[in-house]
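The values are calculated or read from the model by the stated rules, or taken from the named source; none is laboratory data. Owing to the predicted nature of the structure, the values given are computational and were not obtained by experimental measurement. Please note: Cβ atoms are built from the backbone with ideal geometry, for glycine as well, and neighbour counts cover all protein chains shown.
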Amino acid sequence: MSTVARAPGRVNLIGDHTDYTGGLVLPMAIDRDTAIAFTPSSDVLLTSRNFDGEVRINLPVADAAGVRPAWGRYVAGVAAAMDERHMPTRGFTGTVSTTVPIGGGLSSSAALEVAAALAFGIDTDVATIAAVCRRAEHIATNVPCGIMDQLTSAAGVKDHALLIDCHTLDITPIRIPEGVSVWVVEVSSRTLDGSEYPARVAQCTAAEHEIGPLRSADLASVDTIKDPVIRARARHVVSENERVRQFAAALVSGDTREAGIIMLEGHRSLSHDFQTSTTTMDDAVDHISRIPGVHGVRMTGGGFGGCVVILADDDVRFAEGSTPVGCAPAMRVRAADGASIATPLS
């Protein structure tokens, strides 16, 4: 009888490119997940229902980034990260399957990492699981991601978004108001591996060398940064942290109109100050924002393509042709619980 480790993807409602500076984010785990059905073994042998190839990993891992096919890097990275912390790992033989759209900015890689950590036998709190899986992504791809994706996948709460302080790792569940739904539209496929994401991390680091931690900076101090590009990057992060606070307050009070305005402001900041949007993404946001019943829409995730997230009244239906030409149909997502592991009943 196989054991099944499951971990959800996530959609970020507000707070992009703030996590790696210890700022605030407000994502939610979604009802799309990655599952590994497995039985124990000495090493790792994995196949996938979504990708070609067979992953073989000898434990302990010698070169996680060199594992092929490429999707196996994330699994190997988890084993390597657990080994760095002297955590015991058990091997397994199994099959991976996912309902998280790949390359859409909904954290399919984090879901795979967290599911793999459970399959490897990790037994600790959600913050440590997330830290291990964040390190796994660094090892596997050299992308210096923050902790939001992995922590959301591990700690999701049904019907709630998560207000996360990425410095303290404190989590406050925020209930999604009744009468509204969250939708995502995949605009274009992308991967952060090979994108300008590391450059944005470096630019934020440069800003912090001038004015200190961006999580505690204000816009007056941002205005003292001499380089206009670094100043713009810092302005996004500082203003985005404030938008997260305002958005959370709007959800708590049930003010979905205000929440939608804040989402649009966040998208403009990502597009203009952080320059992680694209013309296609901007056009999609403009198009969807004009649909009656839509309160807010913005790009979500690391950027350079991927999905937009929409906050809309429950009775809004995105009929064929309601999303821009070239985009995928709108997909409704619901806030889900975090990762779990179980042996199905026979």
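Within the range 280-296, is even one residue in a helix (DSSP H, G or I), of a type in the set (D, E), without any contact (Cβ under 8 Å) to a residue 60 or more places away in the chain and surrounded by fewer than 17 Cβ atoms within 10 Å (Cβ to Cβ)? Yes. Entry remark, the range 68-80: residues being more than 18 Å from V114 (Cα to Cα) and in contact with a strand residue (DSSP E or B) (Cβ under 7 Å, 6 or more places away or on another chain) number 1 in total.
Here R200, R233, R215 are screened, and the one residue that is surrounded by fewer than 22 Cβ atoms within 10 Å (Cβ to Cβ) and basic (K, R) is R215. Of the strands (runs of 3 or more DSSP E) lying entirely inside the range 79-184, those containing at least 2 residues that are modelled with pLDDT of 95 or more and closer than 22 Å to T47 by Cβ span 91-98.
Taking S188 as the residue in question, decide whether it is surrounded by fewer than 21 Cβ atoms within 10 Å (Cβ to Cβ), touching a Ser or Thr at 6+ places or on another chain (Cβ under 9 Å) and at pLDDT below 95. Judged against the criteria, S188 is a match.
One residue alone among S253, S216, S188, S195 is farther than 18 Å from G15 by Cα and free of Cβ contacts under 8 Å to residues at least 12 places away in the same chain, and that residue is S253. Within the range 198-214, if we keep just the residues that are under 11 Å from V237 (Cβ atoms) and charged (D, E, K, R), the residue that is nearest to the chain's Cα centre (by Cα) turns out to be R200. Restricting R134, R200, R175 to residues that are touching a helix residue (DSSP H, G or I) at 6+ places or on another chain (Cβ under 9 Å) and without any contact (Cβ under 8 Å) to a residue 24 or more places away in the chain narrows the list to R134.
Sort out for me the strands (runs of 3 or more DSSP E) sitting completely within the range 1-74 that have 3 or more residues that are under 29 Å from A342 (Cβ atoms) and under 22 Å from the mean Cα position of the chain (by Cα).
Numbers: elements: 3-14, 24-41, 44-48, 54-57.
Filter on the range 1-74 gives 3-14, 24-41.
The single condition among (1) surrounded by fewer than 16 Cβ atoms within 10 Å (Cβ to Cβ); (2) in contact with a Gly (Cβ under 6 Å, 6 or more places away or on another chain); (3) not in a loop (DSSP other than H, G, I, E, B) that E242 does not satisfy is (2).
Of all residues in the range 250-275 being of a type in the set (G, A, S) and over 22 Å from V180 (Cβ atoms), which is surrounded by the fewest Cβ atoms within 10 Å (Cβ to Cβ)? Spell out how you get there, then give the answer.
Here is the first cut: in the range 250-275, the residues of a type in the set (G, A, S) are 250, 253-254, 259-260, 266, 269, 271.
When the remaining residues are screened for being over 22 Å from V180 (Cβ atoms), the result is 269, 271.
Details: S269: 22, S271: 20.
In this case the residue turns out to be S271.
If I filter the range 45-56 for residues that are in contact (Cβ under 8 Å) with a residue 40 or more places away in the chain and among the acidic types (D, E), do I get at least one hit? Checked the range 45-56: no residue is in contact (Cβ under 8 Å) with a residue 40 or more places away in the chain and among the acidic types (D, E). Scanning the range 58-112 for residues that are of a type in the set (D, E, K, R) and touching a residue at least 60 places away in the same chain (Cβ under 8 Å) returns a single hit, R73.
Report the residue count in the range 156-173 for those that are closer than 18 Å to P8 by Cβ and surrounded by fewer than 22 Cβ atoms within 10 Å (Cβ to Cβ). Final tally of qualifying residues: 6. Applying the set (1) under 22 Å from G306 (Cα atoms); (2) over 15 Å from the mean Cα position of the chain (by Cα); (3) surrounded by 24 or more Cβ atoms within 10 Å (Cβ to Cβ); (4) not assigned by TED's automatic domain parsing to the domain that holds A70 to A140 leaves exactly one unmet item: (4).
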